[in-house]
Amino acid sequence: MISTKDLTKKFGDLTAVDHLSLSVKEGELLCLLGANGAGKSTTINMLLNFVAPTSGSATINGLDATRHPIKTKEFITYIPENLMLYPMLTAIENLDYFSGITGRQLAQSSLTGFLEEAGLQKDAFHKRISTFSKGMRQKVGIAIALAKDTKVLLLDEPTSGLDPKASNEFGNLLQKLRGKGVAILMATHDLFRAKVVATHIGIMKDGKLVQQFVADDISLPQLEKTYLETMNYKEVLS
Amino acid sequence: MLRYNFIYELRILLRSRWIQLLSLLLLLLFGFSAFNGKEKVEKRKVDIAAAKQEVLDTDQSMLKLLDSVERGMAVSASPWTIPTSPMAVANYYPRVVAMDPQPMAFVSTGQADIFTHYVKPTATGDDFALNFTEMTSPVQLLFGSFDLAFVIVYLLPLLIIAFSYNVLSSEKESGSLRLLASQPISIRKWVFQKLILRFFWLSVLVVTTLVLVILIVGIQPLEWSKVFGLLGLALSYMLFWFSLAFLVNLYVGSSAKNAVSLLGLWVVFVLLVPSVLNQLAGTLYPMPSRTLMINEMRERKVEATKRQDEILDNFLRDHPEYAINDSTQTRSFYHNYMASQKVVKEELAPIVNAYETQLKKQQSWSRQLQWTSPAIVVQESLNNLSGTSTADYENYRRQVIAFSESWREHFMSFLYNNTLFKSEDHTNLPQFQYHALGQSGVPKAILILLAMALVLLGLGFAVQGATRQKGILAD
Amino acid sequence: MIIKTFVKETKESWRDGRVRIAFLIVLLLLAMAVWVGVRQYQNVNEQYRTAKNTERILWDNQGEKNPHSAAHYGTYAFKPKYPLSLVDQGVDKYVGTSIFLEAHKRNEAQFSAAADQTGLARFGDLTPDFILLFIIPLLIILLGYNSFTKEREMGTYTLLKSQGASNWKWAMGKWMSLFIPIFAITALLFLITGILLSNLKDFGVFKWQSLLTMFVIYMGYYIIFINIVLIISSRAKKSGIALVLSLSVWILACLAAPKAASNIAEAKHPYPTRQEFAANVLKDKKDGLDGHNPWSKESKLLEQQVLAEHGVDSLHQLPFNFDAYRMQKGEEHEAEVYFKHYNYLKDQFAQQSKVYKGLAIISPYLPTRFLSMAVAQTDYATHWDFADAAEDYRIATQKFLNDHFAENSNYGDWSYQADANFWVGLPSFEYDPPELGEILTDNTSSLWILGAWLALSFSILLITTKTI
Ligand SMILES: Nc1ncnc2c1ncn2[C@@H]1O[C@H](COP(=O)(O)OP(=O)(O)O)[C@@H](O)[C@H]1O
Ligand SMILES: [Mg+2]
């Protein structure tokens, strides 16, 4: 569903993403771990054609994301680190708007259905977004994904700044989506959450994918050890 | 997408109170300015009516005097003002030569505050010395008038800038652009729709408030075609600014940068281009010095007075028609005066015409270059629509000169035939009727503005390729 | 602290391409405006000198002529251009430059430049005053609208606060970083203008004090704008809002208020139309002595009075030409009528001025505008002063001619002709515009208003930055 081949992005002299090749199939969840500046966000941005790759290719559902940005986005839902919606509109209006502009007209009942499925409390449906917490906004984001019948979910540090309970709820939602056959790519620093929700885990450093595991093959302490070793690469060598 | 943008744009505009604020502001601005315009036009009408009434009154007393004289009664007036003398009528009983306001005159003050709207040319007065400027405090001329044209030309673009400078950048800054850009839609198209919708709502507000204000002000014999011209101008001018905002939104970046760029464009189009054009027009086609003209005029007059008798003889030889029935051969001061005045006038014609030709050249030059700034296009068109443009006053001036010529001619035959002015001659006095310029050029101006707007919009869509390659969030 | 903030702000602004470009554009415009102004100034003054000399030659060479014919022939008073009009054109464009001085009639100055220009002229001219009054305040807004909001947006604000930085010193630093560049650019303009003017030939009346006064007035104007922009920036939540608010103030102060003031002033205290004015004058003239009409009631009265005074019983026995005497008396009556009617205009304008001063509450532009024009001697008051001087000269001329006529001829002798060399005896018209001190005392109210704006904006700035 999601795949990249030798995907590279240079910002001047800096190589943010360096010959990255990965693939996420339906029902899989790949967690990309890595320090700040490792190139995780840039990878996601290239999948969305927010930035054009310097070389290599990114494909979504078999379509080149750079050449067919609008077509590929039909399959994608993206939840940025800090999901912002229209503060002047209510939750249900935001959902209606984002579905509507992409040509998906939904009845009121299905709108509430999606919000419910995303786990938003009922009394918040008709409240303006300006009163929402980050967790609540993300639930609306998930509802947008549900309404879109999304095939790909791109998440950039979704759990940063969430309290453990909200973070857990969010994890459960992801499991549910994965169950529906959605391919999920999630960039995060949260090793614990990664271990819990991911099917696959990758560690990025300086734009390269330096380690890759199947989540079930590795325990949390092992993951943490490997991660730290990878980060302090040079010090370990010396 | 359009349907949803339409529904939610309206909701957002209502909830953020933009619509309410704009309606109020427009109502206030249009109301105040139209009221000002209306007041000026009313004053103009009252002044003209009063002047005409005064002529009617003095005519009555003239007829009374004539009647008394004709019946051989003694009159108390100074001998040279008794209207049996044709030159007394020609000088002391002038007609009101008025430029009646056009139905849309309240829209734009134009040159109306500089120039007078009625004069009373006399037979002995110099045409070129006729003072066509109005008695106004120059401070008022300097500051200009808060009229509808000012609101449309200067303030409307600023409202549009405030209303549209951050359509895209605010999404970027608040963060909602990321979600939006991850949708399978073209952001360019989305920005376009947003702006067109804002244009639509602002148009609705402008049209309703303007029509409302016009109805309240009361346009006399409902000249709706002109009202449509006004609306057409306002809307196409607005479209131009929205197109500019579209381009700036797409290419500039942060809200602050957008605002500064749009504002810079406003300064360029509304303030700088017109003043630079004016400066250039003056440099390319300089007006001859009026002070030097005075010298010249006076020298010619001195010459003419020296040759008075000769002039009169030549004049009567050249124009036997004036003295066709004269048997008395009486010669008075006026016989000499009128003849030499005519000669001086003919001699001075080229000097006086130099101003008109120069002004004409300036005008046609600036008309050719007006497309460099839509503000000029709109201001000039509104002036034309209101009948207050430079051309209108020139037209009036020409008609005044023609009238005073015919006024003088009318009395010249009395004078050189040495006939007296009688009561029955009163009805044959020349009358003046002002004829306004026909063409207003508004449709053409609207077309020019629309073409400009379309070019800008086209530019926004044409350079699509480049940014798509780079990606929407790249800077 | 003040210096540090100042240096940091200046660096930041200078590194911002927009600011650099804006600065360069303003400098370029100023250079252009001054260049155009100097040319125009020289041109107009050249014409003025030619016209004045030619007119005098015409007058002196009238030959043998009846003095009263000469009075009707008349002469012209031309208005010169003053050096500081280079900086502020004021109302010069809208008032006439020449007044025809003839017998029996006070004429208004005619041939204003604006009447000879196309509609474009009404948009304004590219003159230094346009840039000083409109564009530099815009530049201040551009430089300063985000002074405080940017700190908030970048989050550096909390950091600064946590460092225990004094609000006052911090604000002063920002104030300086706005003030110094504006001060520099304005000082440069005035310096160049001063040097240009003192190097022009025949600049005569140019005084550095006046230029300096003008500079101080403009600096006051800019300080008010700097304060307003900083107040708004310190209160606004976002840069965008601060920008829009500052611009609204600019629009209100520089564009809307003057125009609205002009409309209100005209509606409340209108001038008569030219024709009305003429009709009113005529009516009053008729109520008095007409020098050309020996048959009127007033003439007879005067006759009896003069005869009684001299103890003779016929006009022929008087030691002077009674026709000329009557002419002079008529002239005096007419002058009085004009004095009254022109005073009415002045009163109307005084009332209008009150409206302008009233609206100065929402617009620091208005007092600055009036002061600047006044110091440049391009304001309406100077024009009045010139017109009054011309009228005094006209009255004196009439007296000169009538007296000569009266003393050198006998009653009824209309064919009397003065010598060809008599005309040279008339002193020529010299006009000295009011001195700087006089101008300033005449405009104290504007000075007070500007001062009040300064004091008020400074104190509000102090209060807002304290509670930031
Ligand atoms: N638009 C950009 N211009 C220049 N450099 C960028 C840009 N976006 C990201 N970078 C740089 O690319 C590198 C990778 O960034 P990013 O993908 O955001 O890392 P992260 O893994 O923390 O999400 C960083 O060094 C960042 O500074
Ligand atoms: Mg990141």
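Kirkwood radius for chain B, taken over all pairs of different Cα atoms as the inverse mean of 1/r, rounds to 26.6 Å. Expressed as a whole percentage, what fraction of the accessible surface of the protein assembly as shown belongs to carbon and sulfur atoms when a 1.4 Å probe is rolled over the protein heavy atoms? Ligands and nucleic acids excluded, carbon and sulfur give 60 percent. One compactness figure for region B:173-284 is 1.44, namely its Cα radius of gyration divided by 2.2 N^0.38 Å.
Taking the 0 to 90 degree range and rounding to the nearest ten, how far is the long axis of helix A:134-148 tilted relative to the main principal axis of chain A, both from C-alpha atoms? The angle comes out near 80 degrees. Listed cross-link partners A:Lys10/A:Lys134; C:Lys93/C:Lys259; A:Lys73/B:Lys172 are compared with a 22 Å cut-off, the Cα-Cα value being larger for A:Lys10/A:Lys134. List, in the order given, every pair from B:Lys43/B:Lys361; A:Lys127/B:Lys194; B:Lys45/B:Lys226; B:Lys45/C:Lys340; C:Lys105/C:Lys207; A:Lys9/C:Lys238 whose Cα-Cα distance in the structure shown is over 31 Å. With Cα atoms farther than 31 Å apart: B:Lys43/B:Lys361; C:Lys105/C:Lys207; A:Lys9/C:Lys238. Sites count as exposed loop sites when they are GluC sites (Glu not before Pro), lie in a DSSP loop, and have at most 11 other Cβ atoms within 10 angstrom; the longest stretch of chain C without one is C:65-429.
Listed by chain and number, the lysines placed with their C-alpha closer than 24 angstrom to that of B:Lys306 are B:Lys342, B:Lys345, C:Lys52, C:Lys65; residues fewer than eight positions away on the same chain are left out. In chain C, taking the dipole from charged Cβ atoms about the Cα centre, the farthest positive-side position among C:Leu28, C:Gly119, C:Phe130 is held by C:Leu28.
Over all pairs of different C-alpha atoms, region B:17-69 has a mean inverse distance whose reciprocal, the Kirkwood radius, equals 14.6 Å.
The Cβ shell under 13 Å around B:Val217 holds other residues with a net charge of -2, Lys and Arg each +1, Asp and Glu each -1. Given +1 at the Cβ of Lys and Arg, -1 at the Cβ of Asp and Glu and no other charges, the dipole of chain B around its Cα centre is 2600 debye to the nearest 20. How much of the pair distance distribution for region A:85-227 lies past 25 Å, counting alpha-carbon pairs only, in percent? Counting pairs separated by more than 25 Å, the tail of P(r) holds 33 percent.
Each of A:Phe213, B:Ile376, B:Ser423 was scored by the projection of its Cα onto the charge dipole of the protein assembly as shown, and the greatest displacement toward the positive side belongs to A:Phe213; charges sit on the C-beta of Lys, Arg, Asp and Glu. Rounded to the nearest whole angstrom, the semi-axes of the ellipsoid equivalent to the protein assembly as shown, taken from the Cα gyration tensor as √(5λ), stand at 80, 32, 24, largest first. Only helices reaching 24 angstrom along their own axis (Cα) with mean Kyte-Doolittle hydropathy no lower than -0.5 count here, and for the DSSP H runs of chain C these are C:17-60, C:167-199, C:208-235, C:444-466. Computed from point charges on the beta carbon alone (+1 for Lys and Arg, -1 for Asp and Glu), the dipole magnitude for region B:1-144 about its Cα centre is near 960 Debye. Binning the alpha carbon pair distances of region C:2-466 at 10 angstrom intervals from zero yields the distribution 4, 17, 23, 20, 14, 10, 6, 4, 2, 1, 0, expressed in whole percent. Along the axis of the charge dipole computed for region C:216-330 (Cβ charges of +1 for Lys and Arg, -1 for Asp and Glu, origin at the Cα centre), the listed residues C:Ile241, C:Tyr325, C:Leu301 are led at the positive end by C:Ile241. Its Cα centre serving as origin, region C:2-466 has a Cβ charge dipole (Lys and Arg +1, Asp and Glu -1) of approximately 3720 debye. On C-alpha positions alone, give me the angle between the axis of helix B:390-416 and the longest principal axis of chain B, in degrees, nearest 10. Between the helix axis and the principal axis of chain B, the angle is about 10 degrees.
Both radii were evaluated on the Cα set of region A:85-150; the Rg over Rh quotient, with Rh as the Kirkwood radius, amounts to 0.91. Amide H contacts of A:Tyr78: A:Leu154, each under 5 Å away and 5 or more positions distant or on a separate chain (H built 1.01 Å from N in the peptide plane; Pro and chain starts excluded). Of all lysines in the structure, those lying under 21 Å Cα to Cα from B:Lys64, and not within fewer than 8 positions of it along the same chain, are B:Lys52, B:Lys422, C:Lys283, C:Lys286. Can you give the Kirkwood hydrodynamic radius of region B:1-134 from its Cα pairs, in Å with one decimal? Its Kirkwood hydrodynamic radius stands at 19.8 Å. Between 0 and 90 degrees, the angle of helix B:308-318 with respect to the longest Cα principal axis of chain B falls at about 80 degrees.
Along chain C, the exposed loop sites are trypsin sites (Lys or Arg not before Pro) outside DSSP states H, G, I, E and B with at most 14 other Cβ atoms within 10 Å, and the longest stretch free of them is C:238-468. Coordinate range of the alpha-carbon atoms in region C:150-266 per principal axis, descending: 62, 41, 18 Å.
Within region C:316-468, the proportion of C-alpha pairs whose separation exceeds 27 Å stands at 50%.
Based on alpha carbons, the Rg and Dmax found for region C:1-102 are 25.0, 83 Å. Rg and Dmax over the alpha-carbon atoms of region B:46-107 stand at 15.8, 55 Å. Rounded to the nearest whole Hz, the Karplus-based 3J(HN,Hα) values (6.51 cos²θ - 1.76 cosθ + 1.60, θ = phi - 60°) of region C:148-165 follow the sequence 9, 4, 5, 5, 5, 5, 7, x, 6, 4, 4, 4, 4, 4, 5, 7, x, 6, with x at glycine and proline.
The values are calculated or read from the model by the stated rules, or taken from the named source; none is laboratory data. Since the model is a prediction, treat every value here as computed from it, not as a measurement. Positions of Cβ are backbone-derived with ideal geometry, glycine not excepted, and every protein chain shown enters the neighbour counts. Ligands, DNA and RNA are excluded from the accessible area calculation, which covers all protein heavy atoms including side chains. Shrake-Rupley method; radii C 1.70, N 1.55, O 1.52, S 1.80 Å.
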